[in-house]
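> So that we are looking at the same thing, I have put the structure below in structure tokens.
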Amino acid sequence: MSEPITPHDFPAIRWRGQWVWVPEEPVRPSGFWQADPRPPRERHGLFRRSFWLDAPPQRAPARISADARYALWVNGHELARGPIRSQPRRMHYDMADLAPLLRQGENVVAIYVKHYGQATSFWMPAKPNNTLGGTGALVFEADLGAAGWLATDSTWKAQLASAWGEGGRDGTDHGGGVPVEVFDARLLAHSWRGLGFDDSSWGQAQPIPAMHVGGFARAQPPADPYGALLPRPFGQLGGQLRQPAAASVALGPQPTQAGGPIAQLQAALALPFGAAQAAELPLELELPPGRAALVVIDMGRVVSGLVGFALDAPAGTTLDLSYAEEPLAASISMDKMRAGTRYTARGHHDAFELFDSNGFRYAYALIGGGGRVALRSFGVRERLYPWQGEASFTCDDEELNRIYRAGLRTVQVCSHDALIDCPTREQRAWVGDAVVHQMVHLATNADWRLAWHYLAMADSPRPDGLLPMTVVGDIEASGMYSIPSWSLHWLHGLHALMRFGGDREAAQARMPTAERVLRWFLPFQDASGVLRDVTEWGLIDWASISTEDASAALTALWARGLREFAELAGWLGDHGRRRWAEQAYGRVREGFEQFWDARRGCYCDHMLGAALQPAVSQLPGALAIVAGLAPQERWGQIVAAITDPARLAVRSWMGNGAGEQSMERWQAQVERGEYTITWDVEREIVLAEPFMSYVVHDAVALAGQADRLPAMYRRWSQFLAGGYDTLGECWDFGTHAHGWSSTPTRDMVFYTLGITPAKPGYAHARVAPRLGGLAWARGSAPTPHGPIHVAVDRERVAVDSPVPFTLDLPGQPPLELPAGQHERTY
């Protein structure tokens, strides 16, 4: 087996490969300081390079990047896809070994490049110079040993592909989200990626020199606007090929109005189709002119990846697909996903795989055009971040085991080239959401690279220091307002880098941004120490948390950030930053007492002027504990209040109470600043939604009541109805697979098994199992030194740890133990 390909295989700063694009779109200099504006248009480029090898090399290191995305084949076999999402000036390249796919004699490299044109939820356009950055672009180079280097230049064959069409997004929501793919197979030979294809009619690729003031008009990286390309920090995505669990078919009239695939499927729902009949693939149909088949495919769970299908149909037959988490309805609320595909058959070799990832459970296929049609196959090749190691959790309660697995599956389908909110509706990298994904990775996956890459990718502050609410996509590109609290969750993730990873160099690199985030809040701190009138989107959680004027939750989140920043600075020996953060934290702690309601034994949500308002949610109290703002003698009283089932109410400013978001409520907030209270503020306490439940659980554990958590996990069972095995966005609306809802999976490891780091980098661990009502539990958690295994029941605990650890058992003093296997009774 050959050595892995690494950046050391490419020691030169300047690449041999040149940035190239298709000849049909000549790139000519325009403008002076930067290129004249071009209409944003989606474009698709095909590239081929044939070459002869007397003998294939043992290793053939290659690297590649593109604007915006590429797929690479060698002799017809897929090798790589990328690059990972990044800000344009921090673009990454991928590395691969071509050798296993090379052969003696003729070889061919084929590359498809998709340029989205306008920002999507996972890509943002570069700011072009006079030439480079305004169109699609590809760069590739490979060391073929004795045969020399193969690099993109004008000797490559290239063609602008007309098979992919623009548009088709009518009928969608979240317009910058998942692209809709429209493909006419009649316009592209099926064999273009392999040997033997005649590309003599194609033109030559055009190199694109970077032209700008002070430059040297070079076409090779590093070049503006992409800078010095960075090596991909983790491997290729992968996963299983998922097959349908069930299917049905109904026949009816072909919709006649124009529109994209989603609009066509929506129109079909209003037409008089016959009763649906159970079906299996392959499915053969005879469709008279003007008639269509509506095929509904149930994958049995939410899947995420590349949709692929095979079709036998006359040339020109249209297959429209719409993807959904739930069965399609005649009307769609704003929080439901809408994505789709249109495929026009070539009449032969009609096997197709989408380029962009889609997440869904149900696929609706509308087949029209007339004649004999057979849907031979349908599946999804999942494209997810790989899980490694031995981490696990199981206990005597199967309900909790299902919740653990559901949280793990949820974070897995939300782990792409970034930690994303959901694989279905948006696929955005939200800066705050991802802190829960990160913690689940730390609890369940031995490969922590994506967990740490979250910190690097989100480290993209605005000029004023605050982070965008989502990074690398349409929202960051727009420069619009942010969610201030989301930057504080990112800082909590940085604190986890210290606790779990112990990487001083990586933590030090993020400290300037962390400090700027914290200082952003200073102008909003009043003389008493609390935050008032903080601008932008004051979201804390989807729960109805009152934040007007002086906000307890936001003040406490800032205090947690200051406290964790001080701890980070002290660990790094940065005593000046530590002193500043400790002093700022002290001022907050003094002022926070204003939110305390002694009569009710809890902290209230907010004040208007000096008047404490009666609304209470779980979060001010929970945050007061985790931020150290509440005196310890109050912790038990606070936890008792905010976890009392008789007082908890599920409320959201955004929900309509019927399982959907309410556009009317959104508009009332945006246009009039109205937030309507629909609960008894004197008696009831608003329950945190699944996302911020991580803070509530942290508070319960800190207060010495982690044994109550197993009973609290059970609320998440509501998401596992109807065959779903992932966790939903909110208690009463939202997607069926939202990574931020996976707190119980983290907590079964950190609090039920009780495995956490006691010193940075797991140099020393803490094992503090708390079974609550369980009879037994066992499992393991990853560390940089290997897994820690724990098996515990009501009488004994067994631990196998690669590091020294503190064993903390109920009712016993902590016991310091060396690395190795230990068993204790209690």
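> Rounded to a whole number, what is D in µm²/s for region 241-382 from Stokes-Einstein with the Kirkwood radius over alpha-carbon pairs (20 °C, 1.002 mPa s)? Before the final figure, lay out the partial values.
Values: Rh = 15.0 Å.
Translational D for this selection: 143 µm²/s.
> For Leu311, which sequence-distant residues (separation of 5 or more, or a different chain) have an amide H within less than 5 Å of its own amide H, given hydrogens modelled in the peptide plane?
Asp350, Ala351, Arg376
> Let me ask something else about it. Taking H as built 1.01 Å from N, whose amide H comes closer than 5 Å to the amide H of Leu79, not counting residues under 5 places away?
So Leu79 has HN proximity to Leu72, Trp73, Val74.
> Please get the size of the charge dipole for region 13-79, origin at its Cα centre, with Cβ charges of +1 on Lys and Arg and -1 on Asp and Glu, quoted in debye to the nearest 20.
Using Cβ point charges on Lys, Arg, Asp and Glu, region 13-79 gives about 200 debye.
> Please list 3J(HN,Hα) in residue order for region 494-505, calculated via the Karplus relation 6.51 cos²θ - 1.76 cosθ + 1.60 where θ = phi - 60°; whole Hz, with x for glycine and proline.
Those phi angles translate into 5, 4, 5, 4, 5, 5, 8, x, x, 8, 5, 5 Hz.
> Can you pull the one-decimal nm distance between simple spin-label points at Asp808 and Tyr675, each 7 Å off the Cα toward Cβ?
About 3.4 nm, to one decimal.
> Would you mind working out the magnitude of the charge dipole of the chain relative to its Cα centre, with +1 at each Lys and Arg C-beta and -1 at each Asp and Glu C-beta, to the nearest 20 Debye?
Roughly 1140 debye for the chain.
> Now for a separate question. Mind jotting down the distance between the C-alpha centroids of region 687-726 and region 336-363, whole Å?
36
> For the chain, what is the accessible area per residue in Å² when the probe is 1.4 Å?
Ligands and nucleic acids excluded, the figure is 37 Å² per residue.
> Can you tell me how much longer the chain between Ala270 and Ser201 gets when fully stretched, taken as 0.36 nm per residue apart minus their C-alpha distance, in nm with one decimal?
Details: separation 69, 0.36 × 69 = 24.84 nm, distance 4.63 nm.
Length gained between Ala270 and Ser201: 20.2 nm.
> Quick check: at a probe of 1.4 Å, how many percent of the accessible area of region 241-382 sits on carbon and sulfur atoms? Spell out each step's value before the answer.
Details: 2800 of 5070 Å².
Result for region 241-382: 55 percent of the exposed heavy-atom area is carbon or sulfur.
> Can I ask one more? Using only the alpha carbons of region 606-742, determine the length spanned along each of the three principal axes and report them from longest to shortest in whole angstroms.
On the principal axes, region 606-742 reaches 44, 43, 25 Å in Cα extent.
> Would you tally the net charge around Ser2, using a Cβ to Cβ cut-off of less than 15 Å, leaving Ser2 out, and scoring K and R as +1, D and E as -1?
So the environment of Ser2 carries a net charge of -3.
> Please compute the modelled spin-label separation between Ala598 and Glu326, points set 7 Å along Cα→Cβ, answer in nm with one decimal.
4.8
> Here's a follow-up. Can you list residues whose amide H is under 5 Å from Trp653's amide H, if they're 5+ apart or on another chain and H is modeled 1.01 Å from N?
When sequence neighbours closer than 5 places are left aside, the close amide H contacts are Ser544, Ile545.
> Then there is this: Which FRET efficiency, nearest 0.05, do Ala775 and Asp9 yield, Cβ-Cβ r, R0 41 Å?
About 0.15, to the nearest 0.05.
> Something else: Specify the inter-centroid distance of region 111-159 and region 52-89, based on alpha-carbon positions, in whole Å.
11
> Specify which residue in the list Gly786, Ile5, Pro463 is farthest towards the positive end of the charge dipole of the chain, using unit charges on the beta carbon of Lys, Arg (+1) and Asp, Glu (-1), about the Cα centre.
So the residue furthest toward the plus end is Ile5.
> Moving on to the next point. So what does log10 I(q)/I(0) come out to for region 581-672 at q = 0.12, 0.14, 0.23 Å⁻¹, using the Debye formula with one equal point on every Cα and no solvent?
The computed values of log10 I(q)/I(0) come out as -0.50, -0.65, -1.12.
> Which whole-number percent gives the relative contact order of region 594-751, counting Cα pairs below 8 Å spaced six or more residues apart?
Dividing the mean separation by the residue count of region 594-751 yields 21 percent.
> Pick out, from Pro314, Ala263, Thr155, the residue whose Cα sits farthest towards the positive end of the charge dipole of the chain, with +1 on the Cβ of Lys and Arg and -1 on the Cβ of Asp and Glu.
Of Pro314, Ala263, Thr155, it is Thr155.
> Continuing with this model, one more query. Once phi is turned into ³J(HN,Hα) by the Karplus curve 6.51 cos²θ - 1.76 cosθ + 1.60 with θ = phi - 60°, what whole-Hz value does each residue of region 391-406 show in order, with x for glycine and proline?
Couplings: 4, 6, 8, 8, 8, 7, 10, 5, 4, 5, 4, 5, 5, 4, 5, 5 Hz.
> With a 10 Å radius around each residue's Cβ, average the other Cβ atoms per peptide and rank 307-314, 378-385, 672-679, highest first. Let's see the in-between values first.
On the way: 307-314: 19.8, 378-385: 21.9, 672-679: 11.1.
The most tightly packed comes first, giving 378-385, 307-314, 672-679.
> Let me ask something additional. Quick one: what are the phi-derived ³J(HN,Hα) couplings along region 254-260, Karplus 6.51/-1.76/1.60 with θ = phi - 60°, whole Hz, x for glycine and proline?
6, x, 9, 7, 6, x, x
> Mind pulling the angle between the C-alpha long axis of helix 693-702 and the longest principal axis of the chain? Nearest 10 degrees, somewhere in 0 to 90.
Tilt of helix 693-702: around 40 degrees.
> Can you sort Met748, Met95 by solvent-accessible area, 1.4 Å probe, largest first?
Working: Met748 0, Met95 50 Å².
So, going from the largest accessible area down, we get Met95, Met748.
> Also: Pick out, from Gln705, Gly820, Ser617, the residue whose Cα sits farthest towards the positive end of the charge dipole of the chain, with +1 on the Cβ of Lys and Arg and -1 on the Cβ of Asp and Glu.
Gly820
> Provide the packing ranking of 12-18, 624-630, i.e. peptides ordered by the mean count of other C-beta atoms within 10 Å per residue, highest first.
Ranked from most to least packed, the peptides come out as 624-630, 12-18.
> Students often get this wrong, so try it: which of (1) 12, 34, 29, 17, 6, 1, 0; (2) 15, 45, 33, 7, 0; (3) 12, 40, 37, 11, 1 is P(r) over Cα pairs in 20 Å bins from 0, in percent as calculated from the structure shown?
(2)
> Still on this structure, please answer the following. Kindly provide the GluC sites (Glu not before Pro) of region 720-826 that DSSP labels as loop, not H, G, I, E or B, and whose Cβ sees at most 16 other Cβ atoms within 10 Å.
Filter output for region 720-826: Glu795.
> A further question on this structure: Keeping all protein chains in the complex and leaving out DNA, RNA and ligands, what accessible area do you get for Lys127 with a 1.4 Å probe, in Å² to the nearest 10?
Accessible area, nearest 10 Å²: 150 Å².
> Here is a further query. Which of rounded, prolate, oblate describes region 785-826, given a ≥ b ≥ c as roots of the alpha-carbon gyration tensor eigenvalues and a/c under 1.5 marking rounded, otherwise prolate only if a/b is larger than b/c?
Oblate.
> Classify region 396-752: rounded, prolate or oblate, from the alpha-carbon gyration tensor (a ≥ b ≥ c, eigenvalue square roots; a/c under 1.5 rounded; otherwise prolate if a/b is larger than b/c)?
Cα axes put region 396-752 in the rounded bin.
> Kindly rank 263-273, 34-44 from highest to lowest mean number of other beta carbons found within 10 Å of each residue. If you can, show how the numbers build up before the last one.
On the way: 263-273: 17.8, 34-44: 14.9.
Ranked by mean Cβ neighbours within 10 Å, highest first: 263-273, 34-44.
> Treat every Asp and Glu Cβ in region 556-659 as -1 and every Lys and Arg Cβ as +1, leave all other atoms uncharged, and give the resulting dipole magnitude about the Cα centre to the nearest 20 debye.
That gives region 556-659 a dipole magnitude of about 60 debye.
The values are calculated or read from the model by the stated rules, or taken from the named source; none is laboratory data. Just so it is clear, the structure is predicted and the values come from calculations on it, not from any experiment. Note that we place each Cβ from the backbone using ideal geometry, even for glycine, and neighbour counts take in every protein chain shown. Heavy atoms of the whole protein, side chains included, go into the accessibility calculation; ligands, DNA and RNA do not. Shrake-Rupley method; radii C 1.70, N 1.55, O 1.52, S 1.80 Å.
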